[in-house]
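Q: Starting off with a structure, shown below.
The values are calculated or read from the model by the stated rules, or taken from the named source; none is laboratory data. Everything numeric here is computed off the predicted structure, so don't read it as measured data. Neighbour counts are summed over all protein chains in view; Cβ atoms, including those assigned to glycine, are modelled from backbone coordinates with ideal geometry.
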C-alpha cells in the first residue's frame, strides 16, 4: 500500500526475500516471507527506520528542510510529505511530485554531482580516494553530515567545525587502494595515526550506517592523540565502556565488549542482532568479534548518531551514556 503496510498475507511463504517493492528491508510480520509472525513492525530505509502503521519515520531526517519545500517538510519524521499518493522521495530527503523524477525534481541544497559531493566532504576534512561512484559518495556525505549534526547538537556548535576538530583529516578509500588499509573480507577497515585516519570501504556494501560505524572506530582512536593524550586513561571511550553501562534500574547492559549478558535484541538496546538491517555490525550471529570492545563502541556510536536504539530502558541507557560522555570528548 502507499504507506508501506502489508496489503494482504498468504498462509504459505511465496516471496523469496524480505526486500519490498521499493527496496526497503522489511521487519513487518508477513506470512508471505520467512519472517512470518516474528517481525517487530518496522522497515529499514538505510539511514532510518520507518513504521508503516504510524506512517512515520522513527528518527528525524538528518537533512534540515528548506523553506521552499513547504510546511509539511518541517515535520522531519514525515514520509513523502505526508502524501505518498502524490509524492515520491528519490533522495530520501525531499518529497517530489510523482512524475517529477530526474531533472524535474528540484533537489536544491543537496549535492547533485560527484564533484559537488567531493567538495562538500572536503569541507568536513574528508577526502575520497579511488574511483567512488556517485551513489556511494552520496552515502558518505549523508554519513558525515549526520555525524556532524549529532556533534553539533551536543556542543551547540557548527557541526562541520566540530567534526573537523574531532576527527582531523580523514581519507575514505574505495576498496583496497594503494596507500589505504587492506580491506580483505571486511566491509570496512579503519587505521589511524597521529596525523590522519584512513578508512577503506568494500564497494557494494557501502551505506551511511556502515560509514558511521567506521567513524566510530576513528573517533575512539583519535582520542589517543588528542590534547596531549589526555583521553588515554579513565576518560577513554573503551575504558569508560569497561566500567559498564547500566539502565535506570541498575541492570548491566554492556561492559568491555560483553554487550549481551545473556540477552539479545531488543533487550540489549538494539532493534536486531544482525547487520541485515544494520542494527549492529558485529553481533553474535555475524562473527567472532561481537565481544570486541572497539566493535561494541562503534555500534553504539552508529546508533547514537542516528538515534536508532530500541525505545526501551536498555536503548535509553546506551544513548544517555554516549550523549553524556560525548559532551566531554568533544570539548
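Q: Can you tell me which residues in the range 312-328 are closer than 17 Å to residue 247 by Cβ and either in contact with a helix residue (DSSP H, G or I) (Cβ under 9 Å, 6 or more places away or on another chain) or in contact (Cβ under 8 Å) with a residue 60 or more places away in the chain (or both)?
A: Taking the range 312-328 as the starting set, the residues that turn out to be closer than 17 Å to residue 247 by Cβ are 312-325.
Once the filter is applied, which keeps residues that are closer than 17 Å to residue 247 by Cβ and either in contact with a helix residue (DSSP H, G or I) (Cβ under 9 Å, 6 or more places away or on another chain) or in contact (Cβ under 8 Å) with a residue 60 or more places away in the chain (or both), the range 312-328 yields 313, 314, 315, 316, 317, 318, 319, 321, 322, 323, 325.
Q: Then there is this: Residue check, residue 269 against (1) over 26 Å from residue 166 (Cβ atoms); (2) at pLDDT 70 or above; (3) buried (at least 16 other Cβ atoms within 10 Å of the Cβ), all met but one. Which one?
A: The failed condition is (1).
Q: For residue 152, indicate whether it is in contact with a helix residue (DSSP H, G or I) (Cβ under 7 Å, 6 or more places away or on another chain), in a helix (DSSP H, G or I), surrounded by fewer than 19 Cβ atoms within 10 Å (Cβ to Cβ) and at pLDDT 90 or above. Don't jump to the end; show me each part of the working.
A: Values: in contact with a helix residue (DSSP H, G or I) (Cβ under 7 Å, 6 or more places away or on another chain): yes; in a helix (DSSP H, G or I): yes; surrounded by fewer than 19 Cβ atoms within 10 Å (Cβ to Cβ): yes; at pLDDT 90 or above: yes.
Here the answer is yes, as residue 152 does meet what is asked.
Q: Restricting attention to the range 172-186, and to residues there that are at pLDDT 90 or above and within 19 Å of the chain's Cα centre (by Cα), which single residue is nearest to residue 131 (Cα to Cα)? Let's see the steps before the verdict.
A: Step one: of the range 172-186, the residues at pLDDT 90 or above are 172-175.
Still in the running and within 19 Å of the chain's Cα centre (by Cα): 172-174.
Numbers: 172: 11, 173: 9, 174: 6 Å.
By that ranking, first place goes to 174.
Q: Can you tell me which residue among 235, 249 is at pLDDT 90 or above, assigned to a loop (DSSP other than H, G, I, E, B), in contact with a helix residue (DSSP H, G or I) (Cβ under 7 Å, 6 or more places away or on another chain) and surrounded by fewer than 17 Cβ atoms within 10 Å (Cβ to Cβ)?
A: Details: 235 fails: at pLDDT 90 or above.
Going through 235, 249 in turn, just one is at pLDDT 90 or above, assigned to a loop (DSSP other than H, G, I, E, B), in contact with a helix residue (DSSP H, G or I) (Cβ under 7 Å, 6 or more places away or on another chain) and surrounded by fewer than 17 Cβ atoms within 10 Å (Cβ to Cβ): 249.
Q: Within the range 97-109, identify whether any single residue is at pLDDT below 65, over 29 Å from residue 153 (Cα atoms) and either in a strand (DSSP E or B) or in the same structural domain as residue 266 (by TED's automatic domain parsing) (or both), and answer yes or no.
A: Within the range 97-109, the subset at pLDDT below 65 is 97-109.
Cutting the leftovers down to over 29 Å from residue 153 (Cα atoms) gives us 97-105.
From what is left, the residues that are either in a strand (DSSP E or B) or in the same structural domain as residue 266 (by TED's automatic domain parsing) (or both) are 97.
Yes: one or more hits.
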